[in-house]
Amino acid sequence: MNEPKRGVVTVISGFSGSGKGTVVKKIMEKDPDRFCLSVSVTTRKPREHEVHGIDYFFIDQEEYDRMVREGRLLEHAEYAGGCYGTPRDFAEEHLAAGRDVILEIEQRGAFQVKEILPDAVLIFLTAPSADDLVARLRGRKETEEFIAKRMAKSVQEAANIGRYDYLVINDTVEKSVSDICRILDSERLHTDDCRDLRTMYHEDFISGMQEQLEAYRKEEL
Ligand code: 5GP
């Protein structure tokens with residue numbers, strides 16, 4: 001019997017408030033046999049409603065350090081005081097079975113993945129404007145202190161959007177899901193029919209977003 005065609009590794013990163021959690025969930029629902037979401041390990045404490053093994057594997061620092069030492073993480077990074085990493089075996093197993101593995105991770109991890117697996121697809125998801133990001137964070141009932149911190153982080157992240165392959169602007173969840181599925185189809189089939197979503201064609205949007213985030217930071221902090 002023929003080996004299945006190896007799946008595509010897709011990294012989705014995005015500003016806090018970009019709606020990436022919702023978009024990723026909808027992609028998974030679209031084709032659960034094809035898409036597979038990697039569950040990360042983290043040393044941060046679970047939030048209310050988070051379930052071990054579904055949202056994250058919540059582990060202690062000792063176990064995390066051991067996984068790093070033993071090379072059991074495909075990538076790993078620290079974010080806002082917590083340590084996060086992608087278990088290597090899980091991703092490998094599903095890729096080999098022909099599934100597209102989605103990693104919802106932050107930027108340093110994303111760039112590590114690209115270094116190790118150059119054919120990984122890097123997608124950055126953004127809200128249409130800085131005002132939308134703040135509105136979404138307020139809608140999640142986050143504190144003003146949390147929002148200010150996450151917006152400051154977004155200023156740093158905006159500087160690296162150009163290193164992603166694709167930029168998806170999250171106007172509506174449906175549109176973002178369809179854009180991301182279009183990217184994954186085109187990457188899997190090696191066609192190039194979503195050039196319109198390539199980051200390099202969105203320089204004006206990116207610099208506009210950088211200015212808005214900077215302005216927000218000066219105003220608010
Ligand atoms: P949160 O603590 O809000 O769930 O996640 C904080 C940040 O860590 C988010 O940007 C999320 O995408 C990122 N993250 C989650 N899992 C991983 C991982 O395994 N590796 C890396 N590098 N980042 C992760």
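The values are calculated or read from the model by the stated rules, or taken from the named source; none is laboratory data. Source: prediction; values computed, not measured. In this analysis, Cβ positions are derived from the backbone assuming ideal geometry, glycine residues included, and neighbour counts consider all displayed protein chains. Side chains are part of the model used for accessible areas, which takes the heavy atoms of the whole protein and leaves out ligands, DNA and RNA. Shrake-Rupley method; radii C 1.70, N 1.55, O 1.52, S 1.80 Å.
Solvent-accessible surface of the range 57-199, averaged per residue with a 1.4 angstrom probe and all protein chains in place: 49 square angstrom.
Mean residue ellipticity at 222 nm, helices only, the chain: -14000 deg cm²/dmol; runs of at least 4 DSSP H residues each add -39,500 (n - 2.57), and the sum is divided by the number of residues. Under a model in which nothing but the beta-carbon of Lys, Arg (+1) and Asp, Glu (-1) is charged, the chain shows a dipole of about 200 debye around its Cα centre.
Cα gyration tensor of the range 158-221, axes a ≥ b ≥ c as square roots of the eigenvalues: rounded (a/c below 1.5), prolate (a/b > b/c) or oblate? Here the range 158-221 falls in the prolate category. Taking Cα centre as origin and charging only the Cβ of basic (Lys, Arg, +1) and acidic (Asp, Glu, -1) residues, the dipole magnitude of the range 1-63 rounds to 380 debye.
Counting only Cβ charges, +1 for Lys and Arg and -1 for Asp and Glu, the dipole size of the range 130-221 around its Cα centre is about 380 debye.
State whether the chain is rounded, prolate or oblate according to the following rule on the C-alpha gyration tensor (a ≥ b ≥ c being the square roots of its eigenvalues): a/c under 1.5 gives rounded; otherwise a/b larger than b/c gives prolate, and the remaining case gives oblate. Oblate, since a/c reaches 1.5 and b/c is not below a/b.
Given the options 40, 21, 54, identify the residue whose Cα lies farthest towards the positive end of the charge dipole of the range 1-125 (+1 on Cβ of Lys, Arg; -1 on Cβ of Asp, Glu). So the residue furthest toward the plus end is 21.
Taking the accessible area of the chain, probe 1.4 Å, and keeping the other protein chains in place, the carbon and sulfur fraction comes to 50%. Label point of residue 93 set 7 angstrom out along Cα-Cβ; within the range 36-56, amide nitrogens under 19 Å from it belong to 36-42, 52-56. Beyond 20 Å between alpha-carbons counts as too far, so tell me which of 25/175; 149/175; 20/141; 20/175; 114/175 fall in that bin. Beyond 20 Å between Cα atoms: 149/175; 114/175.
Looking at the range 57-156, which trypsin sites (Lys or Arg not before Pro) are in a loop (DSSP not H, G, I, E or B) and have at most 12 other Cβ atoms within 10 Å?
For trypsin sites (Lys or Arg not before Pro) across the range 57-156 that sit outside H, G, I, E and B with at most 12 neighbouring Cβ atoms in 10 Å, the list reads 140, 141.
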